[in-house]
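Scroll down for the structure; my scribbles are underneath it.
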Amino acid sequence: MNAVHGANPLRDAADRRLPRIAGPSGLVIFGVTGDLSRKKLMPAVYDLANRGLLPPGFSLIGFARREWQDEDFADEVYQAVKQHARTPFREEVWQQLSQGMRFVQGNFDDDEAFETLKKTMDELDQAQGTGGNFAFYLSVPPKFFPVVVQQLKKHGLAEEKGDSWRRAVIEKPFGHDLASAKDLNGIVHEVFSPDQVFRIDHYLGKETVQNILALRFANTLFEPIWNRSYVDHVQITMAEDIGIGGRAGYYDGIGAARDVIQNHLLQLLALTAMEEPASFDADALAAEKTKVLGAVKLPKDLGKSTVRAQYAAGWQGGARAVGYLEEDGIDPQSKTDTYAAVKLEIDNRRWAGVPFYLRTGKRLGRRVTEIAVVFQRAPHSPFDHTATEELGQNALVIRVQPDEGVTLRFGSKVPGTSMEVRDVSMDFAYGESFTESSPEAYERLILDVLLGDANLFPRTEEVELSWKILDPIEQYWDRHGKPAQYESGTWGPAEADEMLARDGRSWRRP
Ligand code: BG6
């Protein structure tokens, strides 16, 4: 027993293991007929209910233009759950969950529909005991954010009465540059206070992303070498094998850098590079992420330190894939990037001079997201050059997905009578070390919204700082020519390889 700190380890241990269960509440989804809602949000709600993490009277309201009745909506949720839920289907869970499902039909500018929504929420407070606690999930194209939040205000739906809460959940993209993000923040904060707003970056809901913090700050091993004295560079890769699918309308004009570097990749950079927060609390985490994002510096020559490209036709997974410009709904003159690579620096004592290379692309060789911290070579080697010529640099690779885990790469003697050193790796795989499977990011994030836990949600400042990093790059690209091309199914354009080669480095082939 730790008498000094007066802790009771037995009680504390029990507390930690108690699942965090949401109190009385409901979720209103705007844009409920969209892909995200069907593939991610509805299944996540069911999975939470199945894991016993939602209150018994939990309610789900869908809002959309479709002419549906409550039963049609419930049927839609049922199909989505059957197809996409992570956990097994259980009739009794479904029966209970479907009791609290309602549908409200209308356009976003339709006052009558918002009055119906209000009545529906009141009715659920009575029938399901939701206690006036509702989160509004804006799973809608960004151009509709302003009208939806203003309608919520106009109809008194954002108001927290007594002990009840109201929260707004906002999907990315949060603006398309710094100016539009600021405008949007202004509009949202006219209606909701900062602690009522939850901006989704679903990468922060991933287990392996949260594990960056555990790896760095719950161990002694890595932190002493996590700096410019030992680290040569960092590579953050988010590669996808899919093309743009049916998302031409969203993607064209947005592109890879705005779609995922501005949010997912810069958040990964922030977690990898930030200082240790004073506690694992939302304010402390945001303060450190904000500091490090504020210290990010762009290299002077953007022509040499950024690359954008588009996929051309090629072979992917044994099938012929068309090029981006031939995809349905894409302007054949489009200059939208489906691949982007950038070199960033962080202007602080820990990282000065250490490049962070970020890259992402669609239709690349394989779906993989990883953060590779690549260490400097040993300053001196007692071995002959020939003994170590096959030795790479030491690296710690955080495998975010799909093969979740961590790899440590280092040199080891090859068995035999001569001294020869080659790379080997030590692996930690989630699947082998833990019996629990990882929840989907959206399960964690929806639960956190209902609990009012803001740790995993980027704040206004983080979003704005990320645009500040990206804006000059996008402007440079606008002024300079056309994107390069890369064959579908490969690892991106030759220009990206040249960008690293100029620094005497190369991309990893995960
Ligand atoms: C989304 C992007 O945020 O992330 C998509 O808009 C991308 O373009 C997706 O495909 C990837 O998410 P995940 O979780 O499959 O890596």
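The values are calculated or read from the model by the stated rules, or taken from the named source; none is laboratory data. Quick caveat, the model's predicted, so the values are computed rather than measured. Positions of Cβ are backbone-derived with ideal geometry, glycine not excepted, and every protein chain shown enters the neighbour counts.
In summary, Asp347 fulfils each of the numbered conditions (1) within 16 Å of the ligand (Cβ to nearest atom); (2) in contact with a Lys or Arg (Cβ under 8 Å, 6 or more places away or on another chain) with the single exception of condition (1).
For the residues Gly245, Gly249, the requirement of being within 16 Å of the ligand (Cβ to nearest atom), in contact (Cβ under 8 Å) with a residue 40 or more places away in the chain and either of a type outside the set (Val, Ile, Thr) or outside any helix (DSSP H, G or I) (or both) singles out Gly249.
Before we move on, is Arg409 basic (Lys, Arg) and in contact (Cβ under 8 Å) with a residue 24 or more places away in the chain? Spell out how you get there, then give the answer.
Values: basic (Lys, Arg): yes; in contact (Cβ under 8 Å) with a residue 24 or more places away in the chain: no.
Criteria not met by Arg409.
Within the range 191-215, how many residues turn out to be touching a residue at least 24 places away in the same chain (Cβ under 8 Å) and assigned to a helix (DSSP H, G or I)? Adding up the residues that qualify gives 16.
Of the candidates Leu396, Leu456, the single residue that is touching a helix residue (DSSP H, G or I) at 6+ places or on another chain (Cβ under 6 Å) and surrounded by 17 or more Cβ atoms within 10 Å (Cβ to Cβ) is Leu456.
Gln475 meets all of the listed conditions (1) buried (at least 17 other Cβ atoms within 10 Å of the Cβ); (2) of a type outside the set (Lys, Arg); (3) in a helix (DSSP H, G or I) but one, namely (1). From the list Asn263, Asn185, which one is away from the ligand (no atom under 11 Å from the Cβ), touching a residue at least 12 places away in the same chain (Cβ under 8 Å), surrounded by 17 or more Cβ atoms within 10 Å (Cβ to Cβ) and not aromatic (Phe, Trp, Tyr)? So the residue among Asn263, Asn185 that is away from the ligand (no atom under 11 Å from the Cβ), touching a residue at least 12 places away in the same chain (Cβ under 8 Å), surrounded by 17 or more Cβ atoms within 10 Å (Cβ to Cβ) and not aromatic (Phe, Trp, Tyr) is Asn185. Report whether or not Gly175 is within 16 Å of the ligand (Cβ to nearest atom) and under 28 Å from Ala286 (Cβ atoms). Taking the combined requirement at face value, the residue satisfies it.
Only helices (runs of 4 or more DSSP H) whose full extent lies in the range 381-465 are considered here, and the ones with at least 2 residues that are in contact with a Lys or Arg (Cβ under 8 Å, 6 or more places away or on another chain) are 441-451. Checking each residue of the range 304-325 against the condition of being touching a residue at least 60 places away in the same chain (Cβ under 8 Å), surrounded by fewer than 17 Cβ atoms within 10 Å (Cβ to Cβ) and part of a helix (DSSP H, G or I) gives at least one match. Could we say that Ile330 is aliphatic (A, V, I, L, M), assigned to a loop (DSSP other than H, G, I, E, B) and modelled with pLDDT of 95 or more here? Criteria met by Ile330.
Of the residues screened, Pro379 is one that is over 24 Å from Ile261 (Cα atoms) and of a type outside the set (Phe, Trp, Tyr).
When Val231, Val296, Val307 are checked against the criterion of being more than 22 Å from Asp471 (Cα to Cα) and either modelled with pLDDT of 95 or more or under 17 Å from the mean Cα position of the chain (by Cα) (or both), a single residue qualifies: Val231. The residue list Leu396, Leu358 contains one member that is in contact (Cβ under 8 Å) with a residue 12 or more places away in the chain and within 16 Å of the ligand (Cβ to nearest atom), which is Leu358. In this structure, is Thr338 hydroxyl-bearing (Ser, Thr, Tyr), within 15 Å of the ligand (Cβ to nearest atom) and within 29 Å of the chain's Cα centre (by Cα)? Yes.
Taking the criterion of being of a type outside the set (Lys, Arg) and touching a Phe, Trp or Tyr at 6+ places or on another chain (Cβ under 6 Å), the only residue of the range 345-363 that qualifies is Gly361.
Of the residues making up the range 198-211, just one is more than 16 Å from Ile261 (Cα to Cα), of a type outside the set (S, T, N, Q) and either at pLDDT below 95 or surrounded by fewer than 20 Cβ atoms within 10 Å (Cβ to Cβ) (or both), namely Glu207. Selection over the range 194-236 of residues that are within 16 Å of the ligand (Cβ to nearest atom) and closer than 20 Å to Leu408 by Cβ gives a count of 7.
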